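See structure below.
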Amino acid sequence: MRPARKLDSKFEHQLMLEQLYDKNQLFPRIREAFSQSQQIDFKSIFKEHQIPEKFGLDLLAQMAVRKRAEPSVLIGVLRHHVGDSQKTAALLERAVEANLVDYYCREERFVVVYEISPRLQEELDRFQYPLPMVIPPREIKCNLDSGYLSRKASVILADNYHEEDVCLDHLNRMNSIPLTLNLDVAETIQNRWRNLDRKKPDEDWDSYRARKKAFEKYNRISQNVFEILLQEGNQIYLTHRYDKRGRTYCMGFHVSYQGNDWNKAIVQFFRKEKLDDQGEE
C-alpha cells in the first residue's frame with residue numbers, strides 16, 4: 001500500500017505542475033487583467049471602434065504574450081472569433097486605428113502597445129512552458145496524444161498534423177527513458193549563448209539588448225525550474241514529437257538534451273552504468 005500512496009502523490013504533483021505550467025491557463029488571467037484595467041477603459045475603446053469585446057481582449061492578450069506577430073499568425077489565432085480571415089484582418093485594421101496594437105510596415109509585423117504588469121509578466125515567463133514530467137508519460141495511442149496527463153497535442157510539430165500512420169512505438173520508447181539533472185554542471189558551469197558579447201553587424205541596439213535580456217531571463221527561470229524538479233526527486237521524463245520529415249525532437253525548453261552544449265551537459269540518464277573498456281586481447 002505504501003508504494004501505491006507514493007505513486008498517487010507523484011500523480012497529483014504531476015497534474016498540479018501541468019495545470020500550473022501551461023500558457024493556456026494564463027490567457028484567461030491576462031484577458032481579465034485588461035478587462036478590469038483601472039487605467040484604461042478598453043471596453044469603451046472596443047465599442048467606439050466597433051471591435052467585439054472578446055476579440056479585442058484576446059488580441060491584447062495575444063500581443064502581451066507574443067510581443068510581435070506576423071499578420072498570418074495573428075489572423076490565424078483570432079479567426080475563430082468571426083469565422084473569416086478577411087473579417088479578422090478588417091478588425092485588426094480597426095485595432096491599429098484604435099492604437100490597441102501597432103503595425104510596422106517595413107517589418108510587416110504587429111507590435112505590442114499595451115504591456116501587462118511586471119508581476120503578471122513574471123508569472124507568464126515562469127509558467128508558459130510545460131515542465132519535464134516527474135512520472136512516466138502516458139502511453140501515446142494516437143496522433144493527438146502528448147504523454148501528459150491533461151494535455152493533448154499533435155505528435156507532429158508545427159501545423160503538420162495528420163491521421164496517417166506514425167511510429168508511435170518509438171515516441172513511447174523515448175518518453176519512457178528516465179533522466180536526471182547533472183547538478184555539478186548546473187552549479188559550476190555558466191551557460192552561454194553565442195554572439196552575446198557584442199552587437200551583430202546587421203542588428204540595432206534595441207534588438208541586441210532584447211537578446212541579452214532574453215538570455216538573462218532564460219537563465220533565471222531555468223534555475224527556478226531546476227529547483228522544482230529537484231524537489232520532486234530529480235527523476236524526470238521528456239516527451240517527444242516528430243517533425244514533418246520524421247526527425248525526433250524532445251519537448252523540453254529549460255531542460256533539453258537538444259539545446260546548446262550547456263543544455264546537453266545538464267541532462268543525464270537516471271540509471272547509470274559503468275563502462276568497462278578493457279580493450280581487445
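Per-structure values
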{"read-out": "Positions within region 34-74 being buried (at least 19 other Cβ atoms within 10 Å of the Cβ) and of a type in the set (A, V, I, L, M), in sequence order", "value": "Ile51, Leu57, Leu59, Leu60, Ala61, Met63, Ala64, Ala69, Leu74"}
{"read-out": "Output for region 188-203, where each listed residue is surrounded by 10 or more Cβ atoms within 10 Å (Cβ to Cβ) and at pLDDT 85 or above", "value": "Ile189, Asn191, Arg192, Trp193, Leu196, Lys199, Lys200"}
{"read-out": "Selection count, region 218-256, where residues are more than 22 Å from Arg126 (Cβ to Cβ), surrounded by fewer than 17 Cβ atoms within 10 Å (Cβ to Cβ) and in contact with a helix residue (DSSP H, G or I) (Cβ under 8 Å, 6 or more places away or on another chain)", "value": "1"}
{"read-out": "Of residues in region 62-76 being more than 11 Å from Val101 (Cα to Cα) and not charged (D, E, K, R), the one modelled with the lowest pLDDT", "value": "Val65"}
{"read-out": "Subset of region 135-162 that is modelled with pLDDT under 90 and among the charged types (D, E, K, R) - its residue that is farthest from the chain's Cα centre (by Cα)", "value": "Asp159"}
{"read-out": "The one condition in (1) in contact with a helix residue (DSSP H, G or I) (Cβ under 6 Å, 6 or more places away or on another chain); (2) within 15 Å of Met251 (Cα to Cα) that Ala158 fails to fulfil", "value": "(1)"}
{"read-out": "Unique residue being surrounded by fewer than 17 Cβ atoms within 10 Å (Cβ to Cβ), among the hydrophobic types (A, V, I, L, M, F, W, C) and touching a residue at least 24 places away in the same chain (Cβ under 8 Å) when the list is Val111, Val155, Val166, Val134", "value": "Val111"}
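The values are calculated or read from the model by the stated rules, or taken from the named source; none is laboratory data. Computed from a predicted model, the values in this text were never measured in an experiment. Because the Cβ atoms are built from the backbone with ideal geometry, glycine has one as well, and the counts that use them run over all protein chains shown.
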